[in-house]
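All remarks here apply to the structure that follows.
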Amino acid sequence: MTPLEKTKPLVFLSCFFSVLCSFAQGIELKGKLVSNLNVENIHIINQTSHTFSVANKFGEFVIPARKNDTLKITSIQHKPKEIVVTESIYTERFVEVFLEPLTYDLDAVTVGKILTGDLLKDVERVEGQPVTAKMLGIPSYQGKPLTHNERVLNEATTGGGIIPLNPILNGISGRTKKLKKRVTLERRDELLRKVRERLEDEFFQMASLKKASRTDFFYFCAEDPNFTARCKNTNDLEILTFLQEKLQQYKRNLKQ
């Protein structure tokens, strides 16, 4: 066997492993979403590696990817779209995605009302907004309606007179502290409901957990002291990152 023939298998193996490593190597794939509608906070999920990203106000995003990974773009304003990381996308490390607006077919509506000539019947059919104190120029509370627990707390911490006895007595008895805790829990539960409503389905597209354990998992998240700070008035990327961190902790606890 000649020296050349001896080296052929080595050359072949070297090329094979080189191609294999190239295929497995991940990159930071940059992308841009294009649409006539708002593209900020649109979610990009790598369904292969179970990672995610969120587009900025310009539609730009960065996400880890490998060749042949499948990226799913989801938005309430656009039709869902899937992109496969092809050889050219992988080489250029950039992908531009054109999104199609989501349209809804509306039922036929009747514009206007046909009058019968009967004054009493026609008045009954008139539609309009109810008259409010604001419409009449009467000073009144215009903020968000208080919940039952918030109203009870407000009553417990306010009072008339030069020396309001109500808040003093409630403070001494500990009732005010209990009511504040009740309001805090109520607000936390409402925030948890909104997080689940908006992100639960999407989160579990890239994270695995039995359906029977999901409610328990979300309450586990809500009990974190940083839950409100991490999930209120923040973008979806920060919330998804928090959920991913908590899921790892939750799974570790299950193994113990």
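Assorted remarks:
- Dipole axis of the range 213-256 (+1 Lys, Arg; -1 Asp, Glu on Cβ), positive-most option in Q248, A222, T234: Q248
- Stretch gain in nm, segment R182-K232, where the contour uses 0.36 nm per residue and the Cα spacing is subtracted: 16.2 nm
- Nearest-0.05 FRET efficiency for S49 and Q256, computed from C-beta distance (R0 30 Å): 0.65
- Fully extended contour minus Cα-Cα distance, from Y104 to D189, at 0.36 nm per residue: 27.4 nm
- Where GluC sites (Glu not before Pro) fall in DSSP loop in the range 180-253, at most 15 other Cβ within 10 Å: E223
- Amide H contacts for V95 (H built 1.01 Å from N in the peptide plane; partners 5 or more residues away or on another chain; cut-off under 5 Å): K30, G31, K32.
- Computed over the range 25-98, the P(r) curve from all C-alpha pair distances, binned at 5 Å from the origin, holds 4, 18, 33, 25, 14, 5, 0 percent per bin.
- Stretching F58 away from L37 to a fully extended chain increases their span by 6.5 nm, per 0.36 nm per residue minus the current alpha-carbon distance.
Bear in mind that the values in this text are calculations on the coordinates, not laboratory data. Treat the numbers as computed from the prediction; the structure is a model and nothing was measured. Note: ideal-geometry Cβ built from the backbone for every residue, glycine included; neighbour counts use all protein chains shown.
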